[in-house]
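Please read the structure below before turning to the comments.
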Amino acid sequence: MDKNFRILNLDISYDENEIKNKPWKPTLAYAIFGFLWILFSDKILSALVEDRTLYEQIQTYKGWLYVIVTAVVLYVLIKMDNFRIFELTKQLTRKNEELVAFSEELVAMEEELEKKLVSLNVLTKEMRHQKEFIEAIYNSSNMVIMVWKPDGTIVNYNEHFKELFKYDNELIGQNWKDRLIYNKGAIDVSELGGRVIREKTVENIESEITNSSGEVLNMVWNMSLITDPLTNEPIVASYGANITGERQKEKRLVELATTDVLTKLKNRVAFDNEVNDWLYRGQNFTMYLIGLDNFKYLNDVYGHLYGDVLLEKIGYKLEQEFGHQNVYRWGGDEFLLIDDKYEDRDVEKKISQLMTIMTKKWNIKELEYRSSASIGIVKYPDNGSVLDNLKSNLDVTLNHAKQSGKSQHKFFSDDLIESIRYEAAIENELKGALINDQLELYFQPIYDMVDDKVVSMETLLRWPNNNVGERNIGKVISVAEKTGQIIMVDRWVIANVFKTICKNKDVFGTTVISINISAQSFNSKKFIDYLNEQIDAYHISPSQIELEITEYSIVEDLEKSTELISEIKSLGVRISLDDFGTKYSSLNYLSKLPFDVLKIDKSYIDHILLDKKDQAIVSHLTSLAGDLELNTIVEGVEFEEQKDMLLELGCRYGQGYLFARPLPLKETLSLLKAKSGKSMIS
Ligand code: C2E
Ligand code: CA
Ligand code: CA
């Protein structure tokens, strides 16, 4: 701009006074000269010239001279004046030209300025627009925008921040760690600031913010590093979205997914989440898995509504006693209690508290019901380190407790797992053995101890050369009972016994063959149909077949058992009550159910020589059975002396190693040929 300007000198040199006085000076000079001329020229002339005519002539010349002189003077003066005027005019013209040029320059400059002003205006307008635009974005955004120093000091925030957090400008200059964060331990603001400096942007940081009304809001933040234009220092711009609604919905969904509908206790999903937290904290704890005994019975007999009420009541009681936080509905008739106490005496105390609750009397509508439960106890970290492992150990331990009888509690142990693995191997092998006919039938004779003749044969299953190496068929049977394979096993035995009899009709003749039938098979729907089919298929005389059942088969439902037994008997098949004396030993069954044979368990025979009580029991049982028209067989006779004693006590039929061990078919046939006696059937 400067170079476009120059100083304009408009100074024209003339004496103003001179110009102003100019007319007076020549006029005055002319007047004085004229006056002096008139005054002196005539006097001088009259003194010099005495001739009148000459005088007058000279007077005329003098007049002419005066005119000429004054004309010359006037001419000179006017000439001088004109010259000066001319000079001034020249000067003025030059100045004027300069002025015109300058004025043109000024006009050009003004035009340029105007142009610049216009573009400045445009720029200013544009900047204003941009500012407004940015402010609009900043303030109308439904995102909270907060600018803060890396130590947490708030520098600025937008309108939405003010609306949502209900603050005006008072938070500027304050640390948001102190003023906004709800759970101070959950987020380290200065650490976060450091992270933003390092990483430039940090995304999806969630925090709980308390607003000035005390409401807690869930916010998710994206943060980026910017430079403060004033101080040139790094600052953090955080863009936060309010996700409180979403989090509440999620919370509600999580609640729904983690709460048991019936008892309102937490469920297994909640357990999974929470136990992972316990594991993460590395804290010791004990878990008690509680399974109601005979819950199915309550449901079956009284209906599911009764079952539901019981579960609700027990759930409520457990919650009251141990707190909502620690109790879960595990599903079905099972509950779980988790406890951070780990010491033996604390655990014992918990077990006794639990047992007290679980064996309470409950009023379910009009029914007064006494419950009982089994408990499996698993400790962390002793009994497992990961969730799945702990859960499967809980199931295993509760199962073990249940199998041990009612109201039992069992602790998890490695042996337990070992035995489970072993049983799983048996289960697996047995599947193949059933398909590939790798099982074998042995027969143990039952003797008429008076005649020393074979009166019947008990079929006993054998599984030679099995890969598991299990020799004890009792163990295999108990595994098959747990897995349900027993039904297939019993069917296999029935079919193969019938096939054997059929094939060896000439030797077996009418010898009664007894077959052990498990409670599950006996109570299974199609058992009788199957039996009937096989009798038909092998043309077996039903009276030659005797089924050995135990008290386990009838204890659940006496009425149903009576019907089943009658139905079996109506086919012509005989029934014996095996292992009598090992469980309930209810004489009630003997009188009520139409058994043909009573087998007195080996445990009474073992001490029969010394134990007077056993002698009395065996003697009375035998005579009672006689009165009820039942035959008795004593099991496990090993010694001659036992046989003699048993004969003395009135027993006639016996089974045991003394007479013969269970024999393979070939030896059975030989024995039958040699020792077949009269049937027990009278
Ligand atoms: P159980 O029905 O009580 O069979 C008698 C058991 O006593 C047999 O054992 C037999 O070998 C054994 N025993 C017989 N006399 C004596 C003796 O004098 N001394 C001793 N110490 N034991 C004697 P085993 O064959 O090992 O069978 C065990 C159990 O397995 C049977 O007890 C029965 O409950 C079950 N079982 C065997 N075979 C079958 C079967 O085919 N089906 C079913 N469901 N269970 C079977
Ligand atoms: Ca038996
Ligand atoms: Ca037996």
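The values are calculated or read from the model by the stated rules, or taken from the named source; none is laboratory data. Computed from a predicted model, the values in this text were never measured in an experiment. Cβ sites come from the backbone with ideal geometry, for glycine too, and all protein chains shown count toward neighbours.
The table below lists the values:
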{"read-out": "Whichever residue in region 385-427 is aliphatic (A, V, I, L, M), within 24 Å of residue 276 (Cα to Cα) and part of a helix (DSSP H, G or I) and, among such residues, is nearest to the chain's Cα centre (by Cα)", "value": "387"}
{"read-out": "Subset of region 561-581 [of a type in the set (Asp, Glu) and either in contact (Cβ under 8 Å) with a residue 60 or more places away in the chain or assigned to a helix (DSSP H, G or I) (or both)]", "value": "563, 567, 578"}
{"read-out": "Those residues of region 660-679 which are crowded, with 20+ Cβ neighbours inside 10 Å and assigned to a loop (DSSP other than H, G, I, E, B), in sequence order", "value": "662"}
{"read-out": "Every residue from region 159-215 that is over 19 Å from residue 242 (Cα atoms), assigned to a loop (DSSP other than H, G, I, E, B) and in contact with a Ser or Thr (Cβ under 8 Å, 6 or more places away or on another chain)", "value": "173, 174, 200"}
{"read-out": "Near pairs, Cβ below 6 angstrom, 6+ apart or cross-chain, from region 443-460 (farther than 14 Å from residue 546 by Cα and of a type in the set (Asp, Glu)) to any residue that is at pLDDT below 95 and surrounded by fewer than 24 Cβ atoms within 10 Å (Cβ to Cβ)", "value": "448/677; 451/677"}
{"read-out": "Pick from region 541-600, criterion within 16 Å of ligand 3 (Cβ to nearest atom) and either basic (Lys, Arg) or loosely packed, with under 14 Cβ neighbours inside 10 Å (or both), ranking: farthest from residue 490 (Cα to Cα)", "value": "584"}
{"read-out": "All positions within region 452-492 that are in contact with a helix residue (DSSP H, G or I) (Cβ under 7 Å, 6 or more places away or on another chain), of a type in the set (Ser, Thr, Tyr) and over 12 Å from residue 423 (Cα atoms)", "value": "459"}
{"read-out": "Residue within region 567-585 that is basic (Lys, Arg) and at pLDDT below 90 present", "value": "yes"}
{"read-out": "Flag if residue 494 is part of a strand (DSSP E or B), in contact (Cβ under 8 Å) with a residue 40 or more places away in the chain, of a type in the set (A, V, I, L, M, F, W, C) and within 16 Å of ligand 2 (Cβ to nearest atom)", "value": "no"}
{"read-out": "Pick from region 348-384, criterion assigned to a loop (DSSP other than H, G, I, E, B) and not charged (D, E, K, R), ranking: nearest to residue 298 (Cα to Cα)", "value": "371"}
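Residue-by-condition table, conditions (1) closer than 19 Å to residue 455 by Cβ; (2) without any contact (Cβ under 8 Å) to a residue 12 or more places away in the chain; (3) surrounded by fewer than 22 Cβ atoms within 10 Å (Cβ to Cβ); (4) not basic (Lys, Arg):
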{"site": "613", "(1), (2), (3), (4)": "no, yes, yes, no"}
{"site": "619", "(1), (2), (3), (4)": "no, no, yes, yes"}
{"site": "627", "(1), (2), (3), (4)": "no, yes, yes, yes"}
{"site": "631", "(1), (2), (3), (4)": "yes, no, no, yes"}
{"site": "636", "(1), (2), (3), (4)": "yes, no, yes, yes"}
